[in-house]
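Let me begin by presenting the structure, written as structure tokens, before commenting on it.
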Amino acid sequence: MVARLDPDALTTVTYELTGHVAVVTLDRPEAMNSFNQTMCDEFAAIWAEVKADDAVHVVLLRAAGERAFCTGVDVKEGLAHVENVWGRVDPGEKLSPKLNHVWKPLVVAVHGMAAGGAFYWLNEADIVLCSDDATFFDPHVTYGMTAALEPIGLARRIPLGEVMRIALMGLDERMSPERALQIGLVSEVVRPSALWKRAAEIAETVAAKPPAAVQGTVRAVWESLDSARTQALRTGLSYTQIGNPIGMAQVDRASVRRSDWHLR
């Protein structure tokens, strides 16, 4: 039996199941919500819990404090590394949902600074919204470090030219919420005071959908990014044949409200 997550034992994040939404809050505001080894380990446990708990339909990720969503790795503490350089692994293997085979949607609410390793979550989010005080940047090259893992992931969701500008400008430029919205990094910008509420509304709306259909959709689309078009379409067809009978049984089609929508 897999050990279940004890939310009270977490020290770098908080975890709360609200309805069918697992709300995860980065909780190191004194360190700009940067991640250390403990946070990486706690996220590995969180993704295991999310996969195992059928009550979780959606994950909402946000951050405590006012200054930053996350500024990447904690440079003061660093991360635990094995001595053999070839045995070292990407911290994204613990932080990232898709690398942990989590196909439940991830909604991310960004405020303040989102820098460097923060893109581990943004790159694998299904829906990202931000407040109008958010800024996005990658400081790696400024400090003489190769920017590789974060921009490679980012290149799957925004234009290459924008990825390279973020990666190469380093600390000398930050992307505004307006530009992030224009290029599709985020899909909505709100006031800081409205961010958590709006993110929760979106998460709850998705969580109310039949979970088999939602998770099948997430998996089909994300796995298609690793395939050529024809193979992706063929695999996608098999996913509809597997998932539709389950998902359609989870909803009463006649009771679906058709007039309750809003224009974005």
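The values are calculated or read from the model by the stated rules, or taken from the named source; none is laboratory data. For clarity, every value in this text was computed on a predicted model and none was experimentally measured. With ideal geometry, Cβ positions are generated from the backbone for all residues, glycine too; neighbour counts draw on all protein chains shown.
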Please determine whether any residue of segment 178-187 is more than 14 Å from C130 (Cα to Cα), surrounded by fewer than 16 Cβ atoms within 10 Å (Cβ to Cβ) and modelled with pLDDT of 95 or more.
no
Run down E188, E201 and say which single residue is of a type in the set (D, E) and in contact with a helix residue (DSSP H, G or I) (Cβ under 8 Å, 6 or more places away or on another chain).
E188
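Picking from A45, A22, A68, A31, which residue would you name as being more than 19 Å from the chain's Cα centre (by Cα) and crowded, with 16+ Cβ neighbours inside 10 Å?
Of A45, A22, A68, A31, the one residue that is more than 19 Å from the chain's Cα centre (by Cα) and crowded, with 16+ Cβ neighbours inside 10 Å is A31.
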Picking from T240, T217, T235, T230, the residue that is over 24 Å from P97 (Cα atoms) and in a helix (DSSP H, G or I) would be T230
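When you go through A45, A68 one by one, which is the residue that is within 24 Å of E204 (Cα to Cα), at pLDDT 95 or above, assigned by TED's automatic domain parsing to the domain that holds M145 and of a type outside the set (S, T, Y)?
Exactly one residue qualifies, and that residue is A45.
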Within segment 132-141, of all residues that are in contact (Cβ under 8 Å) with a residue 40 or more places away in the chain and buried (at least 22 other Cβ atoms within 10 Å of the Cβ), the one farthest from F69 (Cα to Cα) is F136
Return the residue satisfying two criteria in turn: it lies in segment 191-241 and is more than 29 Å from A134 (Cβ to Cβ) and touching a residue at least 24 places away in the same chain (Cβ under 8 Å), and of such residues it is surrounded by the most Cβ atoms within 10 Å (Cβ to Cβ).
P211
